[in-house]
Ligand SMILES: Nc1nc2c(ncn2[C@@H]2O[C@H](COP(=O)(O)OP(=O)(O)OP(=O)(O)O)[C@@H](O)[C@H]2O)c(=O)[nH]1
Ligand SMILES: [Mg+2]
């Protein structure tokens, strides 16, 4: 174990002890909202808070439905160095302008304090009746960085180059791969070459991000969002086609050193400050987008989640276990944007997600956590209806497509409502995982999802806008914090 690791974890013991001491007064749940880029983290956090503050319809969130929650308010967050989550800005965009939030570019945090009355007399006399819920939002790009913690430079290089050579990505990566082929990794280190390789590699990452690839990101996450590390050696490296670290003084050694610096300067502190202290976790997965893009995307998504979540296992398997890392005792895997399919398909969506996260969930169980899988929509942008096709009545969804979305060659302006039949999800989740032979089964499902604008909110007779509609946000809340309000 390196010295940096020891100091890291000593710091963490102190941080966790300090948090625990504070909890004598008001208990705190640090909720991890985890998800790849565009999975729906920012919308989820905004909708959760909005519903609690504005009296949303949450019948399955028991403490709330039975009237035991007196109040939910935003309070100053505990970490002074982290910007505040722009809750008000996101709500305004969603509710007033009917716009989704922009992709998140930096980390932010928010504390919601819930004042409640326990259901039992004993708990009422022993406990304070207040609970802090601390939530952190960050760019999904950064999540895949966690997978680097368990990988050497050589392992990471091999996997990254393999992914770059796949299918449509190959064209984005061509210039970078050609430069790699021409470079001699065993030759003496060369700053100019290192910069050129890093720049071409970054161009490739950028091209993938703008593509409609569901796993549109590839670590290192900071290459596209460098912040104040821009231009530093820790951000000036690239995978190399090598099978060992190379001789001292070589280009390969230089890249290995920088890769390790990236892990120490960027990834480790991010994990330590925001993930090692979590109590509960919700993992948001845009399952429908992956299904829409076919089997390769589903396989990519599965691998990305398993690799990312293995960082948590790595944490708990540490020799300082129990002393240092908080134990996550509940994990909810949620298929987001479930309002894109009819409710009759929600069970199937859950079954498919359960299959995608099987490996990742196994690791979580290993650490003794309760695991649940759910299909949800943080903000429900559609309602249900039926369309008639060849005298057959099909369950459909009705919503306003985002400006620029196209359906059957027709381009939408963001003002027109339509009813669509998105297709049925298959009963058997395995059709997305079986070997090539069965690939027809997937194309036959003929799924078709379009992006909708946030909903027009209903108003009460007094002119008050109602809270954001959702699907099963209340069940998610019940699982994630319900027991702490009992
Ligand atoms: N219909 C529908 N669309 C949703 C929902 N949640 C998210 N979306 C869509 O998904 C997009 C991404 O959601 P975000 O919450 O910004 O995703 P994120 O995980 O914060 O993404 P990054 O900030 O890039 O990491 C939004 O712009 C919406 O188009 C939902 O509940 N229903
Ligand atoms: Mg976001």
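The values are calculated or read from the model by the stated rules, or taken from the named source; none is laboratory data. Values in this document were obtained by computation on a predicted structure and should not be read as measured data. Reconstructed Cβ throughout: ideal geometry from the backbone, glycine too, with neighbour counts over all protein chains shown.
One table, with the values for the structure above:
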| item | result |
| --- | --- |
| Subset tally (residues that are in a helix (DSSP H, G or I) and out of contact with any helix residue (DSSP H, G or I) (no Cβ under 8 Å at 6 or more places or on another chain)) for the stretch 270-288 | 2 |
| Residues that are within 30 Å of residue 65 (Cα to Cα) and in contact with a strand residue (DSSP E or B) (Cβ under 8 Å, 6 or more places away or on another chain), drawn from the stretch 117-163 | 117, 129, 130, 131, 132, 133, 134, 135, 136, 137 |
| Positions within the stretch 437-465 being closer than 21 Å to residue 421 by Cβ, in a loop (DSSP other than H, G, I, E, B) and modelled with pLDDT of 75 or more, in sequence order | 448, 449, 450, 451, 453, 455 |
| Options 480, 473; residue that is more than 24 Å from residue 382 (Cβ to Cβ), under 23 Å from the mean Cα position of the chain (by Cα) and modelled with pLDDT of 90 or more | 480 |
| Residue match in the stretch 236-251 (condition: at positive phi, in contact with a strand residue (DSSP E or B) (Cβ under 9 Å, 6 or more places away or on another chain) and modelled with pLDDT of 90 or more) | yes |
| Filter pass, residue 468 being modelled with pLDDT of 85 or more, surrounded by 14 or more Cβ atoms within 10 Å (Cβ to Cβ) and either touching a helix residue (DSSP H, G or I) at 6+ places or on another chain (Cβ under 7 Å) or not in a helix (DSSP H, G or I) (or both) | yes |
| Members of the stretch 164-175 found to be buried (at least 17 other Cβ atoms within 10 Å of the Cβ) and under 13 Å from residue 300 (Cβ atoms), listed by number | 164, 169 |
| Criterion violated by residue 211 - all others in (1) farther than 30 Å from residue 292 by Cα; (2) within 22 Å of the chain's Cα centre (by Cα); (3) surrounded by fewer than 16 Cβ atoms within 10 Å (Cβ to Cβ) satisfied | (1) |
| Within the stretch 85-99, tally of residues that are within 25 Å of residue 270 (Cβ to Cβ) and assigned to a loop (DSSP other than H, G, I, E, B) | 2 |
| So residue 187, is it at pLDDT 90 or above, touching a strand residue (DSSP E or B) at 6+ places or on another chain (Cβ under 9 Å) and either surrounded by fewer than 18 Cβ atoms within 10 Å (Cβ to Cβ) or closer than 26 Å to residue 42 by Cβ (or both) | yes |
| Selection from the stretch 104-146 of residues that are away from ligand 1 (no atom under 16 Å from the Cβ) and either crowded, with 22+ Cβ neighbours inside 10 Å or assigned to a strand (DSSP E or B) (or both) | 111, 112, 113, 114, 115, 116, 130, 131, 132, 133, 134 |
| Residue check, residue 390 at positive phi and more than 16 Å from ligand 2 (Cβ to nearest atom) | yes |
| Unique match (being closer than 30 Å to residue 308 by Cα, away from ligand 1 (no atom under 16 Å from the Cβ) and touching a helix residue (DSSP H, G or I) at 6+ places or on another chain (Cβ under 7 Å)) among 28, 34 | 28 |
| Pairs, first over 24 Å from residue 424 (Cβ atoms) in the stretch 395-413, second more than 12 Å from ligand 1 (Cβ to nearest atom) and part of a strand (DSSP E or B), C-beta under 8 Å, six or more apart | 404/411 |
| Conditions (1) surrounded by fewer than 19 Cβ atoms within 10 Å (Cβ to Cβ); (2) within 16 Å of ligand 2 (Cβ to nearest atom): number failed by residue 94 | (1) |
| Subset tally (residues that are more than 16 Å from ligand 2 (Cβ to nearest atom) and more than 24 Å from residue 258 (Cα to Cα)) for the stretch 111-164 | 24 |
| Residue 423 being without any contact (Cβ under 8 Å) to a residue 40 or more places away in the chain, part of a strand (DSSP E or B) and surrounded by 13 or more Cβ atoms within 10 Å (Cβ to Cβ) | no |
| Options 26, 42, 46, 34; residue that is part of a strand (DSSP E or B), under 29 Å from residue 269 (Cβ atoms) and at pLDDT 60 or above | 34 |
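Each row is one residue, and each column tells you yes or no for (1) at pLDDT 95 or above; (2) not in a helix (DSSP H, G or I).
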site: 325; (1), (2): no, yes
site: 344; (1), (2): no, no
site: 350; (1), (2): yes, no
site: 360; (1), (2): no, no
site: 364; (1), (2): no, no
site: 368; (1), (2): no, yes
site: 388; (1), (2): no, yes
